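Working notes, beginning with the structure itself.
No lab work stands behind these numbers, since they all come straight from the coordinates. Quick caveat, the model's predicted, so the values are computed rather than measured. No Cβ is skipped: glycine too gets one built from the backbone with ideal geometry, and neighbour counts run over all protein chains shown.
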Amino acid sequence: MNAIEVNSLTKYYGDHLAVDHISFSVKKGEIFGFLVPNGAGKTTTQRMLTTLLKPTSGQILINGQDIARDAYPAKRVMGLVPEESCVYTELSAWDNLMFTSRLYLVPRSERADRAHYLLKTFGLLEKKDVKVEKFSKGMRRRLSIGMAIIHKPTLLFLDEPTPGLDAQSARDILGLIRNLNAEGTTVFLTTHLIEEANQLCDRVAIINNGMIARIDTPENLKLTFQRVQSVEVSLKPNGHNYGEELGKLSGVISILKMGDKWRLFSEDPSLLLPAIIKFAEKNTLSIVSLNTLAPSLEDVFLEITGSPVGAVQQVTNNNDAQKHGMGEQK
Amino acid sequence: MQLTIQRLKNEFLEAWTVVVKDIRVYYLRPGMIMFGFLMPFFMFFSFSVKRELDAGDGLARLLALTIFFTAAAAGPFIIPTERSVRTYDRLLAAPMSLITLLLGKIAVGAFFAIAVSTVALIAGLLIFDVTIAQPGFLALGIFLGAVAFSTLGLIFGSIPTNNPGDVQMPSTLLRWGLMFISGVFVPLGEMTTFARIIAYFSPLTYAQDLMNHSVMGSGMINVWLDVAVLLLTSILLLWPSIQLHKRAQVLGK
């Protein structure tokens, strides 16, 4: 039996179609990533799965039970970490955890031990009696996750768990998600951070225009999109901008300036490598580094969602290009 | 059967958890103190000044006003506030039915009203040396009034909005409207026939009459009719709140 099974799930807001007949299943014990561009039905889907939003049509089964008929059994085994850290700022960290543990009927004898363990794990033990209004964003996020798991849910929904956090807090939270999964918790992770999904997820679904474009393991997705491989070359600077000439090399689909490197996208990097070396020799340039790169999950995502490879970086780099007179897209 | 009893027990415990949390988080917030605690006293004193009220009559009016304003203040303040900071999602996603959650929220307003009206009652007894004619009906009246008006406030709290300001204005307007058409400031017996017919549409009229029976021993309406109307109000006014919550679940608010 799957932890989550979704059949033809659809959501309209008035005339706007936010989620378009999506179907997927999440196996018990896996970390399932839901990769969605911002504002493209990400939170809508998660809110439907967690009973907060009523679908226009379709069916959601949690542990085989239809939540439209009776959501109670599903709610008992779920933990929810919403995008915003919805904690009671007027209460202390300890009181927030105690409130949630009572709400989920954690046995009285276990409440204090679990709260103590979570506060210690999240580095909040010393602040346990401090009102949450004095907490930083990262501390609130950790507390919010603690509130979602104090009843030991078997299914955890996480909506964008790390954006806005400092690197250490983000790393701690990703580590915690891995640990929870290792203990058997199924995790449904909604994110637009592709690298986060790449590092954490057993499988990912890529959503485009409210529909599921692909579902597979991150590595399989990358293999499917081998044609978006690239070569990254760094040439010793000599005051000349070689971007335009590199872009004209045979087999180059597009080119992107990334710091002191050029990234040349090609369907066949093996043919491109000799061309680059020949180009460097012809122009008496020293090659600092030359690497072939497999497609990243981000490349795959951009390819699937219809944006050209490197489109996200292009915005940044075009700005740079205007400022520094370099960088272009073929 | 045993499963159903266990689930009811669980849901009761969960609703109680929400009540205790709301009491701790919201009872001392400025919005609750202003609209729930100070407002009925302001209203009472502003309409009682220079009117030679009998002590019992004054206490009955003060109690009706206190129960009405205090109980109806919680819903329009707490739920939109929780929606605006998204903590309401935590409650909606918790393992309890919507009705359980709403009953918990009604209890929050009702307890607030019972506590504040008890203060008003004690003050009335000590300062004006009033004797309560029917203590049993007084307790029943305070309880039923608190539940009925808290349920009324819940309707406004259930309006799908994340902005508490959107709800406060219409709820205040309704409360004032009900107050003026009811027999709180002008006794039913002194009203014109038309005004009295209008007054009968307001549940506050029955709460006031029940307070008159309880404190002074007499009222214009049958005391059991007062009890029945307040009980019915509590049950019927829950329906719009359920429907508004279902609407919010469709709209995603």
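Which shape class applies to chain A: rounded if a/c is under 1.5, otherwise prolate when a/b exceeds b/c and oblate if not, where a ≥ b ≥ c are the square roots of the Cα gyration tensor eigenvalues? The shape class here is prolate.
Look at the dipole of the stretch A:91-222 built from charges on Cβ: of A:Ser101, A:Ala182, A:Ile212, the Cα furthest out on the positive end belongs to A:Ser101.
Taking the number of Cβ atoms within 10 Å of each Cβ as an exposure proxy, the fewest-first ranking of A:Thr45, B:Thr233, A:Thr121 is A:Thr121, B:Thr233, A:Thr45.
Counting neighbouring Cβ atoms within 10 Å and putting the fewest first, the residues A:Arg178, A:Arg102, B:Arg61 line up as A:Arg178, A:Arg102, B:Arg61.
Taking other C-beta atoms within 10 Å as the exposure proxy, B:His213, A:His21, A:His16, B:His245 rank A:His16, A:His21, B:His245, B:His213 from fewest upward. Axis angle, to the nearest 10 degrees, between helix A:137-149 and the longest C-alpha principal axis of chain A: 50 degrees. Counting only DSSP H runs of at least 4 residues, each contributing -39500 (n - 2.57), and dividing by the residue count of the protein assembly as shown, the helix-based mean residue ellipticity at 222 nm comes to -17500 deg cm²/dmol. Taken over the alpha carbons of the stretch A:96-173 as equal point scatterers, the Debye sum produces base-10 log I(q)/I(0) values at 0.16, 0.18 Å⁻¹ of -0.58, -0.74. Bridges between two residues of the protein assembly as shown, per DSSP, are antiparallel at a rate of about 65%.
Compared with the dominant principal axis of the Cα atoms in chain B, helix B:164-181 is inclined by about 30°. Put simply, the Cα atoms of the protein assembly as shown extend 109, 54, 48 Å along their principal axes, the longest span coming first. Per residue of B:90-103, other chain Cβ atoms within 10 Å of the residue Cβ number 5 on average. Secondary structure note: in chain A, about 65% of the DSSP beta bridges are antiparallel. Taken along the Cα-to-beta-carbon direction at a fixed 7 Å, the label points for B:Ser97 and B:Arg7 span 0.8 nm. Largest first, the extents of the alpha carbon coordinates of the stretch A:54-208 on the three principal axes equal 45, 36, 29 Å. On the basis of the beta-carbon distance and an R0 of 41 Å, B:Val186 and B:Ile33 show a calculated FRET efficiency of 0.90. With the simple spin-label model, which puts each label point 7 Å out from Cα in the Cβ direction, the B:Gln243 to A:Val130 separation comes to 4.9 nm.
B:Ile197 to A:Met1: FRET efficiency via 1/(1 + (r/R0)^6), r the Cβ-Cβ distance, R0 60 Å, to the nearest 0.05? Efficiency at R0 = 60 Å is approximately 0.45.
Between the Cα long axis of helix A:167-182 and the first principal axis of chain A there is an angle of about 60°, rounded to the nearest 10. Among residues other than B:Phe137 whose Cβ falls under 12 Å from its Cβ, what is the net charge (Lys/Arg +1, Asp/Glu -1)? Around B:Phe137, the surrounding residues sum to -2. Of the peptides B:99-109, B:140-150, the ranking by mean beta-carbon count within 10 Å, highest at the top, reads B:140-150, B:99-109. Pairs from the list A:Lys120/A:Lys152; A:Lys54/B:Lys21; A:Lys137/B:Lys253; A:Lys11/B:Lys253; A:Lys11/A:Lys222; B:Lys21/B:Lys105 with a Cα-Cα gap above 19 Å: A:Lys54/B:Lys21; A:Lys137/B:Lys253; A:Lys11/A:Lys222. Rg/Rh for the stretch B:78-121 (Cα atoms only, Rh after Kirkwood) is 1.11. Can you classify chain B as rounded, prolate or oblate using the Cα gyration tensor, where a ≥ b ≥ c are the square roots of its eigenvalues, rounded means a/c under 1.5, and otherwise it's prolate if a/b beats b/c and oblate if not? Prolate, because a/c is 1.5 or more and a/b exceeds b/c. The residue among A:Phe34, A:Ile67, A:Pro82 whose Cα reaches farthest toward the positive pole of the charge dipole of the stretch A:1-126, with charges on the beta-carbon of Lys, Arg, Asp and Glu, is A:Ile67.
The fraction of all Cα pairs in the stretch A:1-113 landing in successive 10 Å bins from 0 to the largest distance is 12, 37, 32, 17, 3, 0, given as whole percents.
Taking B:Val119, B:Val223, B:Val19 in turn, the Gaussian network model of chain B (Cα-Cα springs below 10 Å) assigns the largest fluctuation to B:Val119.
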